Ligand SMILES: Cc1cc2nc3c(=O)[nH]c(=O)nc-3n(C[C@H](O)[C@H](O)[C@H](O)COP(=O)(O)OP(=O)(O)OC[C@H]3O[C@@H](n4cnc5c(N)ncnc54)[C@H](O)[C@@H]3O)c2cc1C
């Protein structure tokens, strides 16, 4: 700061010494300040509507992914219909606690299974339960606890769905069991073809082996039959053990002890030299906590703040080891098994995941290599300065059944909880150390858990999961078009050539773009208003320039708010800011000029315009027509300047003072724009990709569609047409031409919603079926009119526009993403 002031002082002294620099510098400073004030006082900060987006994310907030459609089925028929009525990628989501896009793929049909969540059959004698796969452990516990039964194998927390847990082949803190697969008796699965298949150890066993731990790539698990066990009382026992003695301690005290139900060991960072072993053993003692299952409404203020304290570097970690844990474990604890198995992930939730977030990682190391792995792990954390909050040790028996097995031999699981930043640099750092850690894991004959960030390379994956080929062979057989996918499967699918592709390049358009293009289009509508204003013979010096600036920033604020839930579209936002600032500079300058010099010269105006002034009006009309179809910087500003100067006068009663003032002002404006456009054209050529020129629209109609220069037929299936329609102005005009012709728009750019603006008298209101009103906006040069902006279901858009046209309303624009 001090240095900054020193430089500023030096700069001002330099300017003062050279008087010829002082005036332009201070003018520039004052003008910049003026522009900043204009931007600051404009806009609509109070607008609060946020659109529910087709964006899915996971608990970390690191993986927002735009999907094409989300369904939340309650019946399997809905899943089948969705599969059969679509052609593209399909993703499946449970609780979405996996952390690396395992439930997501761009533009997929996303099946959120959480509403498919009934208990189908509970057999108390056999101790087994059949459930729909979207049910959470917590909901199931509610039912089985009444029968004094307990889930045999599940994770530490109860928020996960059964389908999501089977699909990652989860494990818990249970001793003597391995991953969940051993407790899964059978499943009903729906394949990508819509066919249902029962899979178990007796039927379709190879498919069973691929579905468990198969990350939704083989089929959608509809139902699962799981083993249960008795709900028993358990008592906590803690032991602080040196790492070098831990394996022996585990072998003697835990591994063969039939009374131990839960066990985990916390390996304290940053030294990793001692393990706090926490075992829960069967007990007949009185309960210290009578609650049968953890309440859903528990407050986790203390737990959440404790995690935050631990995340404060080494001080927090020291506090945990020496104060917090000894205090917690100083009390006796005897609880029900179901209580200990029903923790809520809320206890780990940070106050915000905006700048930093908590993430998991997990390594499975063969038991005999446990000690040699720890120093390697520690060295990598130190090298990359990773903020490790906890490393929890678990144990798992071998799983020889699943193809993507993570326990090909008996392993210790290192469950690592760490804090990372959400910016690009932090993400890159995590990727680097995760890859290095994966090599360390492989060097010890281990593997890692796949529900977390898939940073491992394809080669590492193939080494860590050597039976991957069998898994992908079954996938190829049952899902030859690779529809069931997600970011994990997409990355590790060896049959890359067969991967899903867009139906046509540029087919999918991001849904939020339809909202975000509104402010950009305002810079087309406003020049049109200006041209209309001049043609009406209004005084150009009276045009509402400030209202125009304000209107742009209002549209900007509202658009940004509306898409808050969508994946960040930084590039487009930056573009909107750049054009917003340059428009504010242009209009801010015009506002100053027109309200001072312009107004003074307008006193000399005559009712008749000079030829030059008429050409100026024509130039503004030509410009406003041009930008409706093409980027503004391609307009030939210079040729209009030349045309104005080349014109000879034929009018008689015009004001020559006003004529020359207008001509000079116009020359200044268009010359500047010509120069600015030249700059932009060069920059665009150097940096931008060829823009997408067509929008792809599915239409249903019994009429024949005729092609023209803007509309091309790409595909025809019975009465369904896939059309390529030219973007920008032509798009609105061509779709307007479909009104009243018995057509139905099925999708546009892969989307089912689009923004439409209408112009209508202020007193008029117009509603429509499946039309979501977004806001009214001002037509700055006509106080009697308003612009109504709505998000419309594409299937209903033609009816909505027809309704508008039957009144005094005009369809202004359809925003083509
Ligand atoms: C705080 C926390 C603690 C955790 N603790 C443990 C632990 O102790 N032990 C452990 O093993 N794991 C643990 N995990 C990881 C967790 O088990 C997985 O992330 C699990 O997938 C979460 O279940 P979900 O319902 O959120 O699944 P999702 O994340 O929604 O889905 C996971 C995968 O399953 C697929 N899927 C979901 N439903 C179906 C279905 N019906 N049919 C087919 N495929 C489907 C999805 O496509 C996806 O690929 C933990 C995670 C967190 C965040």
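Key figures
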read-out	value
Criterion violated by residue 479 - all others in (1) surrounded by fewer than 21 Cβ atoms within 10 Å (Cβ to Cβ); (2) modelled with pLDDT of 95 or more; (3) more than 15 Å from the ligand (Cβ to nearest atom) satisfied	(3)
Selection count, the range 375-419, where residues are under 21 Å from residue 241 (Cβ atoms), surrounded by fewer than 21 Cβ atoms within 10 Å (Cβ to Cβ) and over 34 Å from the mean Cα position of the chain (by Cα)	3
Residue identified as under 30 Å from residue 375 (Cα atoms) and away from the ligand (no atom under 11 Å from the Cβ) among 228, 240	240
Subset of the range 121-134 (residues that are farther than 13 Å from residue 225 by Cβ and either in a helix (DSSP H, G or I) or within 16 Å of the ligand (Cβ to nearest atom) (or both))	134
Positions within the range 147-157 being surrounded by 24 or more Cβ atoms within 10 Å (Cβ to Cβ) and farther than 18 Å from residue 185 by Cβ, in sequence order	none
Residue match in the range 405-423 (condition: over 17 Å from residue 178 (Cα atoms), part of a helix (DSSP H, G or I) and in contact with a helix residue (DSSP H, G or I) (Cβ under 7 Å, 6 or more places away or on another chain))	no
Pair list, Cβ < 6 Å and 6+ apart or interchain, from the range 391-410 residues that are over 18 Å from residue 174 (Cα atoms) and more than 15 Å from the ligand (Cβ to nearest atom) to residues that are at pLDDT below 95 and in a loop (DSSP other than H, G, I, E, B)	none
All positions within the range 750-764 that are assigned to a strand (DSSP E or B) and without any contact (Cβ under 8 Å) to a residue 60 or more places away in the chain	756, 758, 759, 760, 761
Among residues of the range 182-203, those that are surrounded by fewer than 19 Cβ atoms within 10 Å (Cβ to Cβ) and farther than 23 Å from residue 136 by Cα, counted	6
Restricting the range 564-596 to residues that are out of contact with any strand residue (DSSP E or B) (no Cβ under 9 Å at 6 or more places or on another chain) and not in a helix (DSSP H, G or I), the residue that is modelled with the highest pLDDT	564
Residue in the range 110-120 that is farther than 22 Å from residue 342 by Cβ, assigned to a loop (DSSP other than H, G, I, E, B), within 25 Å of the chain's Cα centre (by Cα) and within 16 Å of the ligand (Cβ to nearest atom) present	no
Residue match in the range 447-465 (condition: within 16 Å of the ligand (Cβ to nearest atom) and surrounded by fewer than 19 Cβ atoms within 10 Å (Cβ to Cβ))	no
Boolean, residue 93 is buried (at least 18 other Cβ atoms within 10 Å of the Cβ) and at positive phi	no
Test: residue in the range 215-229 that is surrounded by 21 or more Cβ atoms within 10 Å (Cβ to Cβ) and without any contact (Cβ under 8 Å) to a residue 60 or more places away in the chain	no
Considering residues of the range 84-96 that are more than 15 Å from the chain's Cα centre (by Cα) and within 6 Å of the ligand (Cβ to nearest atom) only, the residue nearest to residue 70 (Cα to Cα)	92
Of all residues making up the range 303-332, the number that are closer than 19 Å to residue 347 by Cα and not in a helix (DSSP H, G or I)	2
Any hit, the range 211-223, residues being within 16 Å of the ligand (Cβ to nearest atom), assigned to a helix (DSSP H, G or I), in contact with a strand residue (DSSP E or B) (Cβ under 9 Å, 6 or more places away or on another chain) and at pLDDT 95 or above	yes
Long-range neighbours under 7 Å by Cβ, at least six apart or interchain, first residue free of Cβ contacts under 8 Å to residues at least 60 places away in the same chain within the range 154-168, second near the ligand (Cβ under 6 Å from one of its atoms) and in a helix (DSSP H, G or I)	155/165
Criterion (surrounded by fewer than 23 Cβ atoms within 10 Å (Cβ to Cβ), touching a helix residue (DSSP H, G or I) at 6+ places or on another chain (Cβ under 9 Å) and either in contact (Cβ under 8 Å) with a residue 24 or more places away in the chain or not in a loop (DSSP other than H, G, I, E, B) (or both)) met by exactly one of 504, 549, 474	474
Positions within the range 179-216 being in contact with a helix residue (DSSP H, G or I) (Cβ under 7 Å, 6 or more places away or on another chain) and under 19 Å from residue 84 (Cβ atoms), in sequence order	189, 190, 191, 192, 194, 197, 216
The range 158-173, subset more than 6 Å from the ligand (Cβ to nearest atom) and on the phi < 0 side of the Ramachandran plot, residue surrounded by the fewest Cβ atoms within 10 Å (Cβ to Cβ)	159
Failed item, numbered, when residue 155 is tested on (1) at pLDDT 95 or above; (2) closer than 30 Å to residue 409 by Cα; (3) touching a strand residue (DSSP E or B) at 6+ places or on another chain (Cβ under 7 Å)	(3)
Any hit, the range 139-149, residues being touching a helix residue (DSSP H, G or I) at 6+ places or on another chain (Cβ under 7 Å), within 10 Å of the ligand (Cβ to nearest atom) and either part of a helix (DSSP H, G or I) or modelled with pLDDT of 95 or more (or both)	no
Neighbours by Cβ (under 6 Å, 6+ apart or cross-chain): first from the range 105-118, within 13 Å of residue 56 (Cβ to Cβ) and modelled with pLDDT under 95; second in a strand (DSSP E or B) and near the ligand (Cβ under 9 Å from one of its atoms)	105/91; 108/91
Residue match in the range 174-194 (condition: outside any helix (DSSP H, G or I), in contact with a strand residue (DSSP E or B) (Cβ under 6 Å, 6 or more places away or on another chain), more than 15 Å from residue 220 (Cβ to Cβ) and more than 15 Å from the ligand (Cβ to nearest atom))	yes
Residue within the range 98-105 that is farther than 20 Å from residue 345 by Cβ and more than 10 Å from the ligand (Cβ to nearest atom) present	no
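A quick yes/no check of all residues on (1) in contact with a helix residue (DSSP H, G or I) (Cβ under 6 Å, 6 or more places away or on another chain); (2) in contact (Cβ under 8 Å) with a residue 60 or more places away in the chain; (3) under 25 Å from residue 523 (Cα atoms); (4) not in a helix (DSSP H, G or I):
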{"site": "598", "(1), (2), (3), (4)": "yes, yes, yes, no"}
{"site": "606", "(1), (2), (3), (4)": "no, no, no, yes"}
{"site": "615", "(1), (2), (3), (4)": "yes, no, yes, no"}
{"site": "620", "(1), (2), (3), (4)": "yes, yes, yes, no"}
{"site": "624", "(1), (2), (3), (4)": "yes, yes, yes, no"}
{"site": "639", "(1), (2), (3), (4)": "no, no, yes, no"}
{"site": "654", "(1), (2), (3), (4)": "no, no, no, yes"}
{"site": "662", "(1), (2), (3), (4)": "yes, yes, yes, no"}
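The values are calculated or read from the model by the stated rules, or taken from the named source; none is laboratory data. Remember, predicted model here, so these are calculated numbers, not experimental data. A quick note on method: Cβ atoms are made from the backbone with ideal geometry, for glycine too, and the neighbour counts reach across all protein chains shown.
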